[in-house]
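J.: My questions will all concern the structure given below.
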Amino acid sequence: MIKEGMKAPEFTLPDKDGNQVSLADFLGKKVVVYFYPRDNTSGCTKQACAFAGAYKEFEELGAVVIGISKDSVKSHQNFASKYELPFILLSDPELKAIQAYDVWQEKKMYGKVSMGVVRSSFIIDEKGMVEKVMEKVKPDTNAAEILGYLRQE
C-alpha cells in the first residue's frame, strides 16, 4: 500500500516512442503519475483529454504529467496522436509499476469480478517522495482536482 510520505516506487518503462523513461529522471520536479485502465475507452479518453487541456497549467506549475497503463507502446502512440496528448504515456504490460503502486486490484463490473487497474493518481515531490495519493479517481475531474491541489486551493 502506497502512503503519503513514503519513497515513491521507482520505475523505468517505455514511452509511446519506445524510449525508456524513469521516475528518477524527474528528481527536482513535481511529478503527477496517473494510472488508467485502457487507451481509447470513454473514461480513459476523458481523463487524458482533461490532462491535455490543462497541460499548460501543469507546466506553469513545474509539474510533469505521466500516464501509465498496461497498453502497448503502439497503442499509446495511436492514442497520443489521435487526441494530441502532450504528456508522457508509459507502457507497462508486465505490470511492474502498476503492481508497485498497488493499483492492480480486483474490480467488479456488471456482477463480474476481474483484475484490473484501479484509476488512481499520485503526486510525487521533488525528492521522489509520495506527497499525495488519490485512489479511485473520476476521469472527468481528476486533472482539475490535481491542479487545485498543486495550486493549494
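J.: Sort out which residues of the stretch 97-137 are surrounded by 12 or more Cβ atoms within 10 Å (Cβ to Cβ), on the phi < 0 side of the Ramachandran plot and part of a loop (DSSP other than H, G, I, E, B), and write them in order of number.
T.: TYR101, VAL103, VAL118, ARG119, ASP125, GLU126, GLU135, VAL137
J.: Please verify whether LYS74 is farther than 18 Å from GLN20 by Cα and either without any contact (Cβ under 8 Å) to a residue 40 or more places away in the chain or not aromatic (Phe, Trp, Tyr) (or both), treating the condition exactly as stated.
T.: Judged against the criteria, LYS74 is not a match.
J.: Further question: Cβ-Cβ under 9 Å, sequence separation 6+ or interchain: first residue in the stretch 86-113 and over 11 Å from PHE35 (Cβ atoms), partner in a helix (DSSP H, G or I) and open to solvent by 60 Å² or more (accessible area, probe 1.4 Å). Which pairs?
T.: Sorted first by the residue in the stretch 86-113, then by its partner, the pairs are PRO86/LYS56; PRO86/GLU59; LEU89/GLN77; SER91/LYS74.
J.: Still on this structure: Taking LEU89, is it surrounded by 14 or more Cβ atoms within 10 Å (Cβ to Cβ) and part of a strand (DSSP E or B)?
T.: It is true that LEU89 is surrounded by 14 or more Cβ atoms within 10 Å (Cβ to Cβ) and part of a strand (DSSP E or B).
J.: Of the conditions (1) more than 19 Å from SER121 (Cβ to Cβ); (2) surrounded by fewer than 13 Cβ atoms within 10 Å (Cβ to Cβ), ASN78 fails just one. Which one is it?
T.: (2)
J.: Can you tell me which residue in the stretch 14-39 is nearest to GLU126 (Cα to Cα), limited to those that are in a loop (DSSP other than H, G, I, E, B) and either in contact with a Pro (Cβ under 9 Å, 6 or more places away or on another chain) or open to solvent by less than 70 Å² (accessible area, probe 1.4 Å) (or both)?
T.: GLY28
J.: Something else about it: Among (1) open to solvent by less than 50 Å² (accessible area, probe 1.4 Å); (2) modelled with pLDDT under 95; (3) not aromatic (Phe, Trp, Tyr), which single condition is GLY67 missing?
T.: (2)
J.: When you go through PHE11, PHE35 one by one, which is the residue that is among the hydrophobic types (A, V, I, L, M, F, W, C) and over 19 Å from ASP140 (Cβ atoms)?
T.: Matching residue, one of PHE11, PHE35: PHE11.
J.: Still on this structure: Output the number of the condition that PHE11 fails; it satisfies all remaining conditions of (1) in contact with a Lys or Arg (Cβ under 7 Å, 6 or more places away or on another chain); (2) exposed (fewer than 13 other Cβ atoms within 10 Å of the Cβ).
T.: Among (1) in contact with a Lys or Arg (Cβ under 7 Å, 6 or more places away or on another chain); (2) exposed (fewer than 13 other Cβ atoms within 10 Å of the Cβ), the lone unmet condition for PHE11 is (2).
The values are calculated or read from the model by the stated rules, or taken from the named source; none is laboratory data. Given the structure is predicted, the values throughout are model-derived calculations rather than measurements. Virtual Cβ from ideal backbone geometry, glycine too; neighbours counted across all protein chains shown. Ligands, DNA and RNA are stripped out before the accessible areas are found, and what is left, the full protein with its side chains, is counted by its heavy atoms. Shrake-Rupley method; radii C 1.70, N 1.55, O 1.52, S 1.80 Å.
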